[in-house]
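Coordinate-derived values only; no laboratory data. Computed from a prediction, not measured in an experiment: that's the story for all the values here. We place every Cβ from the backbone using ideal geometry, glycine too, and count neighbours over all the protein chains shown.
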Amino acid sequence: MALKLTFQFYDLPLAHPFTISRYTVNVQKTVVVCISDGEISGYGEATVNPYYHSTVERLTESISKVKPIIENSEMIHPSDLWQIVAPHLQEDYFALCAIDEAYWDFYSRRHKRTLRSFWAAADENLPLTSYTIAIDSIEMMQQKIIEKPWPVYKIKLGTQNDLQIVELLRKTTDSVFRIDANCAWTADETIEYSKIFKQLNVEFIEQPLKANDFEGMKKVCEHSVLPIIADESCQREDDVNSCDGLFHGINIKLTKCGGITSALRMIENGRDKGLKIMAGCMTESTVGISALAQIAPLLDYIDADGALLLKQDIAKGVSFDFGKIRYSENFGIGVELYTEKSI
Ligand SMILES: [Mg+2]
């Protein structure tokens with residue numbers, strides 16, 4: 001039966017303005033791809049993101065370009081479809097991610113299975129998801145923690161008073177902290193902060209240095225007393241090899257690496273190298289988060305709070321109960337869209 005690919009852009013309003021070291025977002029634009037045989041539909045998502053050059057125009061162009069390839073393909077394995085589509089989307093892995101997620105969802109629903117059943121026997125020992133506290137006044141950051149009791153917080157830093165922020169937030173909660181500096185620190189600052197933050201029950205530091213500061217990373221990897229996880233330095237599959245020896249772990253984002261197919265290969269490669277494996281999200285809806293949650297059984301850490309930061313979601317699927325992943329009962333990635341629109 002012939003497949004049909006459609007896609008729709010949505011505006012996701014955020015509950016609070018979301019600020020990291022580079023920018024602030026109030027409304028997150030995102031695209032949802034649907035692959036259907038007329039009976040069963042699969043969904044995938046990719047966000048608009050200026051840092052990664054993902055725009056509405058580019059996503060539209062990329063998805064439209066490969067639409068005929070997908071619509072003319074036979075029922076093949078998702079990793080085979082990825083191999084066919086990826087060469088056409090070398091410049092746009094965000095689009096590749098949305099398509100790959102949608103096809104995995106479709107494929108597993110077609111087989112009447114949950115997606116994660118292809119690699120995980122049971123929903124046991126799942127990592128707790130962190131909840132992100134974005135950069136704000138210290139009072140507002142404390143307020144957000146009080147409003148959202150959670151076992152693990154990811155604190156965004158890269159301000160003039162990073163130490164003071166963590167010291168004061170520590171007075172607000174005993175929960176675990178993870179720090180994400182989004183490339184804002186120097187090597188010496190990172191090594192110094194790691195000692196202080198270790199005392200403040202910080203679990204790890206994510207991407208302290210600029211993505212191309214290899215000399216600094218090597219020094220930090222040797223001298224930091226906390227594990228250092230790559231994010232901006234680990235975007236595509238090949239980056240796992242270059243992170244070896246420079247980081248203690250990697251944060252895989254499905255949009256950056258081109259979807260679930262490539263994430264599975266990165267997990268395998270990272271494990272072989274003895275790296276800790278984390279996966280993270282963009283500020284995205286429950287569609288993308290439900291896809292991400294399917295790889296949770298393979299991870300050490302997960303940051304899947306994207307949809308929790310929204311004022312309004314577009315789908316139901318995976319949910320989180322004080323950090324614990326609660327999967328939907330449905331097959332595939334388990335999502336149901338609230339409004340079914342296509343263009
Ligand atoms: Mg990060």
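Values as computed for the structure displayed
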| item | result |
| --- | --- |
| Sequence of Glu284, Glu232 once ranked by neighbouring C-beta atoms within 10 Å, starting from the fewest | Glu232, Glu284 |
| For region 98-137: Kirkwood Rh in Å [reciprocal of mean 1/r, alpha carbons] | 12.9 Å |
| Low-density loop cleavage sites - trypsin sites (Lys or Arg not before Pro) in region 69-171, where at most 12 other Cβ are within 10 Å (DSSP) | Lys112, Lys171 |
| Sequence-separation-based contact order of the chain, relative, with Cα cut under 8 Å and 6+ spacing, percent | 20 percent |
| Convex hull volume of region 177-292 per residue (C-alpha atoms, cubic angstrom) | 96 Å³ |
| Only Lys, Arg (+1) and Asp, Glu (-1) charged, at Cβ; region 4-114 dipole about Cα centre in debye | 220 debye |
| Span-rule helices in the chain, defined as complete DSSP H runs reaching 27 Å or more along the axis (Cα) with Kyte mean at least -0.5 | none |
| Residues Cys221, Cys34, Cys257, sorted so that the one with the fewest Cβ neighbours within 10 Å comes first | Cys221, Cys34, Cys257 |
| Kirkwood Rh in Å, taken over region 48-166 so that all alpha-carbon pairs contribute | 18.1 Å |
| At R0 = 30 Å, FRET efficiency that the Cβ-Cβ distance of Gln312 and Glu91 yields, to 0.05 | 0.45 |
| Mean shadow area of region 268-343, taken as a quarter of the surface of its Cα convex hull (nm²) | 6.3 nm² |
| Cβ charges +1 (Lys, Arg) and -1 (Asp, Glu), total dipole of the chain, debye | 380 debye |
| Magnitude of the charge dipole, region 59-198, Cβ model with Lys/Arg +1 and Asp/Glu -1, debye to 20 | 500 debye |
| Alpha-carbon Rg/Rh ratio, for region 235-316, with Rh computed the Kirkwood way | 1.00 |
| Residues Val287, Val240, sorted so that the one with the fewest Cβ neighbours within 10 Å comes first | Val240, Val287 |
| Region 135-281, relative contact order in percent, only Cα pairs under 8 angstrom and at least six apart counted | 16 percent |
| Mean shadow area of region 4-114 over all directions, Cα convex hull, nm² | 7.7 nm² |
| Base-10 log of normalised Debye intensity for region 290-331 (one unit scatterer per alpha-carbon) at q = 0.32 Å⁻¹ | -1.43 |
| Mean shadow area of the chain over all directions, Cα convex hull, nm² | 15.7 nm² |
| Mean residue ellipticity (222 nm) of the chain, computed from DSSP H runs ≥ 4 via -39,500 (n - 2.57), nearest 500 | -10000 deg cm²/dmol |
| Normalised convex hull volume, region 129-183, alpha-carbon set, Å³ per residue | 68 Å³ |
